[in-house]
1. Does PHE69 qualify as being over 18 Å from ARG170 (Cα atoms) and within 16 Å of ligand 2 (Cβ to nearest atom)?
2. Conditions first: (1) closer than 21 Å to SER212 by Cα; (2) away from ligand 2 (no atom under 16 Å from the Cβ). ARG40 passes all but one, so which condition is the exception?
3. Has the stretch 185-198 got any residue that is touching a strand residue (DSSP E or B) at 6+ places or on another chain (Cβ under 9 Å), of a type in the set (Ser, Thr, Tyr), modelled with pLDDT of 85 or more and under 25 Å from ILE125 (Cα atoms)?
4. Only residues that are surrounded by fewer than 17 Cβ atoms within 10 Å (Cβ to Cβ) and in a helix (DSSP H, G or I): list them for the stretch 149-166, please.
5. Considering only residues that are over 16 Å from the mean Cα position of the chain (by Cα), basic (Lys, Arg) and within 24 Å of LEU29 (Cβ to Cβ), which ones fall in the stretch 116-148?
6. Of the residues in the stretch 88-111, how many are outside any loop (DSSP other than H, G, I, E, B), within 16 Å of ligand 2 (Cβ to nearest atom) and not hydrophobic (A, V, I, L, M, F, W, C)?
7. Can you tell me which residue within the stretch 98-139, out of those that are over 22 Å from GLU174 (Cβ atoms) and among the small types (Gly, Ala, Ser), is nearest to ligand 1 (Cβ to nearest atom)?
8. Among (1) within 30 Å of ASP108 (Cβ to Cβ); (2) surrounded by 14 or more Cβ atoms within 10 Å (Cβ to Cβ); (3) within 16 Å of ligand 1 (Cβ to nearest atom); (4) within 18 Å of the chain's Cα centre (by Cα), there is one condition TYR202 misses while meeting the rest; what is its number?
Amino acid sequence: MASVLYIVVPCYNEEEMLPITAQALLKKLDSLIEQGRISRDSRIMFVDDGSKDKTWEMIEKLGNAAPAFVGIKLSRNRGHQNALLAGLMTAKDRCDITISMDADLQDDVDAVDKFLDEYEKGAQIVYGVRSSREKDTAFKRNTARMYYRTLEHLGVEITYDHADYRLMSRDALEGLSQFGEVNLFLRGLVPMVGYKTATVKYVRNEREKGESKYPLKKMISFAIEGITSLSVKPIRFITFLGIFVFLVSIILLIRFFVIWCMGKAVAGWSTIVISIWAIGGLQLLAIGIIGEYIGKIYLETKQRPRYIIEKDLEK
Ligand code: UDP
Ligand code: MG
């Protein structure tokens, strides 16, 4: 029996891209069914993340036109990661494998074949990895590289240059469903699920239509989310910094004491001002980082739902 595949696509205000994406994915799905690689019950599942444009109406129309298209609608915008999780968790009980993909066709659809190759060879999770970042701006390329390095140093296991284009088997999804956190950074969570994994390289294109739903501000908060959700090392770093600063102040104290004993006047106005600012700054930074974690704990303890499904075309 061929496996049932669900391609899960989160969509937020994607009315411009949706028709093009839907056609490209349907073509792919049909050819895979034709080749007997996947079951006829395979579907393309769009997750409308509370779009303000015609995205949901279009998904409904697609669903009426072809049974291959299904969709769920979230009750409001919850962000890419939550929308993706909603799709994956809904698909989990209806299929054997999911492949998650963005709605803008930046991820090469033809890589799906290679994903399935790896799945057939026994991988439960297959990561799509960008083969190059030529098409990115130098700024994005360099900040991305620095970010992955930082995560590595903080002891976070993450696949380099992998976004959220990946295949997950039903077992892997069952595993993922046991992670209850509300602060979601899926690409850091999925490796924790375990199982046999594989990677597939693909070329990432530019967005054809519409604009990025990840402006710099969202990107930065996503980056902080990634670090603080997956590592407590920044807090430890502050502790060490605190010890270091304390030692320095002891040394200074001894030094000033010796100078005082020798009866020499201290004309160190600038030293004092600089130290006050330096210590003040460090303390604010430290409190900020600790606050970041406390905020997380606050949100986690409330156990609010990560998403609410308002409509489901398969129900
Ligand atoms: N997206 C979403 N909810 C949001 C923002 C984005 O579901 O609040 C979807 C969006 O429709 C797209 C994917 O997440 O399918 C990635 O977004 P985008 O392509 O804008 O990000 P970029 O590729 O620029 O990082
Ligand atoms: Mg994109």
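1. Here the answer is no, as PHE69 does not meet what is asked.
2. Against the list (1) closer than 21 Å to SER212 by Cα; (2) away from ligand 2 (no atom under 16 Å from the Cβ), ARG40 comes up short only on (1).
3. yes
4. Of everything in the stretch 149-166, those that are surrounded by fewer than 17 Cβ atoms within 10 Å (Cβ to Cβ) and in a helix (DSSP H, G or I) turn out to be ARG149, THR150, GLU152, HIS153.
5. Selection gives LYS121 alone.
6. Counting residues in the stretch 88-111 that are outside any loop (DSSP other than H, G, I, E, B), within 16 Å of ligand 2 (Cβ to nearest atom) and not hydrophobic (A, V, I, L, M, F, W, C) gives 2.
7. Going through the qualifying residues, I end up with ALA103.
8. (4)
The values are calculated or read from the model by the stated rules, or taken from the named source; none is laboratory data. Not measured: the values here are computed from a predicted model. Please note: Cβ atoms are built from the backbone with ideal geometry, for glycine as well, and neighbour counts cover all protein chains shown.
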